[in-house]
Amino acid sequence: MARLTPDNLLLARKIIARFPEPRSATIMLCHLAQEQDGYLSPEAMEQVAELIGATSAEVLGTASFYEMFKMHPVGKYCVNVCTNISCQLLGGEELLEHAEEVMGIRSGSTTADGMFTLEDVECVAACTEAPAVQVNYRYFNRVSPDDFDELLEDLRSGELSRTIPSHGTLGNVRQDLHGDRVANITSPSQQVEPAWFPNGDSDEGPAK
Amino acid sequence: MSDTAVDTQESTQEVPKVVSSRFDVDDGHTLHGYTQSGSFEGYAALRRALTMTPGAVSELVKDATLLGRGGAGFPAGVKWGFCAPDVWPRYVVANGDESEPGTYKDRLLMERDPHQLIEGSLIAAYAIGAAQVFLYVRGEMPHAQERIAAALNEAYEANFIGKNILGTDFSVDIVLTFGAGAYIVGEETALIESLEGNRGMPRLKPPFFPAAKGLYMMPTIVNNIETLSNLPWLLSHGVREYRSIGTEASPGTRLIALSGDVERPGVYEVPQGTTTFRELFESERYGGGIRGGRELKMFIPGGASAPWFFPEQVDLPLEGRVVGAEGSMLGSGAVVVMDDTTDAVRACWRLVRFFARESCGKCTPCREGTVWEERILRRILDGQGRPSDLDLLLDVADNISPGPYPLAAHPEAGLEAVPFPPRQTTICPLGPSSVAPITSAISRFRHEFEGKINRKDSIPVTSAGVTSV
């Protein structure tokens, strides 16, 4: 655990190669580590630091700024209830209270069985579909208290395990950059002026 | 738990669909769907751009007055022209970190028409001479990330991205990258910090205008998703047709997320300047009236950062300049409607709480001020408010945004409009934005605050008895 598996290490190196500077891959690599372990462990941050040429303190400094990175294990499913303005107007706060009651925990905590972490979150860009809920960042629109109970039931029974990956996994589809199609990704200092600007900004020739 | 409501009517001369024509097309997100459906032919605009010089493409975008759709409304063509001359490499960053409360349009554009965004990004990269494009998608949007990743893979395969695109000397890479949960990263210099692997704290402008000193201190153009998504239609149909929509100062359309207390909340593409808020709220095509036939109390015309409007402002057009002069902003196209049952203090607290949670902590007035604003509002809501609290609240707010704050006119109360934008003691507008709900709510609903402060019967009673006063 904690250190990246050989497959993920390979993937990490591919991700780093997409950026002109290795440090630009910090967030993507933290996501990768969280996908593997469900949270971001100190060992994972150490390894990310090694890979991008930073110190582990620098990686922690960056990662701790971003809410999605969990420094401790969380539930299999992070249930995020939006209570910001558009959702508040249509019952988001009441839905959060309902969630606390049926889950038996306060927002910010995890159920004893490790199944759910409940969070009261800021706007998730589903304002026209209020009140909105995300489970591991997958959307559920216009959720009534009854819908919410059903959702929990489906999550417990494994009904949604295909559509909702476990915590940490974001996209099921990844960008795939083939070496032979890549134009030119190098550090900024090695870049020259673009071929389609033959004379720089001053006198642009026609494109071929 | 239904799907998002979008406008399913046909694109017409009166209400054209510039960016939303594939929102209700099932395979609109695939390369096949992109080239076979919609209000323009997919990737034909890129082909057209490649027959022009990069300078001519920039000129075209400038002539069209394509205003940025992320909030500030600055013309994209002019912004592109700010790149430090003859400094290479340059970068394009597509800002997909949509998180302004009330805003929901970029996610739809990314999920339902990713090729439109990719084609727009390619056109921008060609025009400014970018070596690489970064599509920075908000972390909490995995579905958008999947759709974009799949579209990028298709477009690389089809030679629309990469080396010698379509047999020309234009070569560029597009890389998908994610955020991880931080509202402030939507601010362009904070986004650049994040893209460099740092905490997402804004940089001081000047000197760090991205077009001069952006990513890795190189010229960088950061454009909103909707702005870039306009480019394929614009290049396909031309400037004249683009300018025939909307008004002289604000041509084209806007995607509006209409949410809150209306019968039909949804994401609607409306012509800029010629549509009024009343039409948006009441017409059958859009809002369908205030929910349950109730009365309008107030509305937010452009996201949580925008000062509130009231019934007196419903006949204003959705036009950036007009809304700015009347004391608010169109911002990111987020219109939130609140009916007469809304508790103004509670709505105000919720918005301020957002800014308090999302302050990055770099500037003292915002880091300390937003937290105190939230605490004071919270205690008023909890029945623990003090008579001096409103003055204290406005005093804290004045430390973040000194002087008169943008405000809608209220003729009955003798209040004149204070135009946008506010002044600020901070690097970025996040802190000053927290003041918008406070001054808006107090200017109109001071009695609601005072009622909560003075009425002892609103003190919450717990099982242990009455809480201390």
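The values are calculated or read from the model by the stated rules, or taken from the named source; none is laboratory data. Model, not experiment: these values are computed from the prediction. Glycine gets a Cβ as well: all are built from the backbone with ideal geometry, and neighbour counts include every protein chain shown. Each accessible area value is taken on the protein alone, full model and side chains, heavy atoms only, with ligands, DNA and RNA left out. Shrake-Rupley method; radii C 1.70, N 1.55, O 1.52, S 1.80 Å.
Please tell me if B:Leu135 is in contact with a helix residue (DSSP H, G or I) (Cβ under 9 Å, 6 or more places away or on another chain) and either open to solvent by 10 Å² or more (accessible area, probe 1.4 Å) or facing chain A (nearest Cβ under 10 Å) (or both). Against the criterion (in contact with a helix residue (DSSP H, G or I) (Cβ under 9 Å, 6 or more places away or on another chain) and either open to solvent by 10 Å² or more (accessible area, probe 1.4 Å) or facing chain A (nearest Cβ under 10 Å) (or both)), B:Leu135 qualifies. Counting residues in region B:125-143 that are under 24 Å from B:Leu108 (Cα atoms) and free of Cβ contacts under 8 Å to residues at least 12 places away in the same chain gives one or more.
Of A:Thr117, A:Thr128, A:Thr110, which residue is in contact with a strand residue (DSSP E or B) (Cβ under 7 Å, 6 or more places away or on another chain), open to solvent by 10 Å² or more (accessible area, probe 1.4 Å) and either more than 7 Å from chain B (Cβ to nearest Cβ) or closer than 28 Å to B:Ser359 by Cβ (or both)?
The conditions single out A:Thr110.
Considering only residues that are surrounded by 15 or more Cβ atoms within 10 Å (Cβ to Cβ) and more than 8 Å from every other protein chain (Cβ to nearest Cβ), look in region B:159-170 and name the one that is nearest to B:Arg107 (Cα to Cα). Within region B:159-170, the match that is nearest to B:Arg107 (Cα to Cα) is B:Phe160.
In region A:17-55, the qualifying residues are those that are more than 11 Å from chain B (Cβ to nearest Cβ) and within 23 Å of B:Leu215 (Cα to Cα), and the one that is surrounded by the most Cβ atoms within 10 Å (Cβ to Cβ) is A:Leu51. Only one entry of B:Glu100, B:Glu41 meets the criterion of being touching a residue at least 60 places away in the same chain (Cβ under 8 Å), farther than 18 Å from B:Ile221 by Cβ, more than 16 Å from the chain's Cα centre (by Cα) and open to solvent by 10 Å² or more (accessible area, probe 1.4 Å), and that entry is B:Glu41.
Comparison of A:Leu151, A:Leu177 shows that the only residue that is touching a strand residue (DSSP E or B) at 6+ places or on another chain (Cβ under 9 Å), of a type outside the set (Ser, Thr, Tyr) and not in a loop (DSSP other than H, G, I, E, B) is A:Leu151. Taken over region A:97-107, the criterion of being under 17 Å from A:Glu150 (Cβ atoms) and surrounded by 16 or more Cβ atoms within 10 Å (Cβ to Cβ) is satisfied by A:His98, A:Ala99, A:Met103. The single residue among B:Ile438, B:Ile427 that is under 21 Å from the mean Cα position of the chain (by Cα), open to solvent by 40 Å² or more (accessible area, probe 1.4 Å), under 30 Å from B:Met201 (Cα atoms) and at pLDDT 95 or above turns out to be B:Ile427.
Residues in region A:179-204 that are out of contact with any Phe, Trp or Tyr (no Cβ under 7 Å at 6 or more places or on another chain) and either more than 7 Å from every other protein chain (Cβ to nearest Cβ) or of a type in the set (Lys, Arg) (or both): A:Gly179, A:Asp180, A:Thr186, A:Ser187, A:Ser189, A:Gln190, A:Pro198, A:Asn199, A:Ser202, A:Asp203.
Against the criterion of being open to solvent by 10 Å² or more (accessible area, probe 1.4 Å), over 22 Å from B:Pro406 (Cα atoms), without any contact (Cβ under 8 Å) to a residue 24 or more places away in the chain and in contact with a Phe, Trp or Tyr (Cβ under 9 Å, 6 or more places away or on another chain), B:Arg378 does not qualify. A residue that is closer than 16 Å to B:Trp233 by Cβ and open to solvent by 10 Å² or more (accessible area, probe 1.4 Å) occurs somewhere in region B:27-35.
Matching residues to (1) part of a loop (DSSP other than H, G, I, E, B); (2) of a type in the set (Asp, Glu); (3) open to solvent by 10 Å² or more (accessible area, probe 1.4 Å):
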| position | (1), (2), (3) |
| --- | --- |
| B:Phe299 | no, no, no |
| B:Gly303 | yes, no, no |
| B:Glu312 | no, yes, yes |
| B:Val345 | no, no, no |
| B:Trp349 | no, no, yes |
| B:Phe354 | no, no, no |
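One line per residue, one yes/no per condition, for (1) over 26 Å from B:Leu117 (Cβ atoms); (2) under 23 Å from the mean Cα position of the chain (by Cα); (3) open to solvent by 50 Å² or more (accessible area, probe 1.4 Å):
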{"residue": "B:Thr227", "(1), (2), (3)": "no, yes, no"}
{"residue": "B:Ile245", "(1), (2), (3)": "no, yes, no"}
{"residue": "B:Leu255", "(1), (2), (3)": "no, yes, no"}
{"residue": "B:Ser259", "(1), (2), (3)": "no, yes, no"}
{"residue": "B:Val270", "(1), (2), (3)": "no, yes, no"}
{"residue": "B:Phe277", "(1), (2), (3)": "yes, yes, no"}
{"residue": "B:Leu280", "(1), (2), (3)": "no, yes, no"}
{"residue": "B:Arg285", "(1), (2), (3)": "no, yes, no"}
{"residue": "B:Gly288", "(1), (2), (3)": "yes, no, no"}
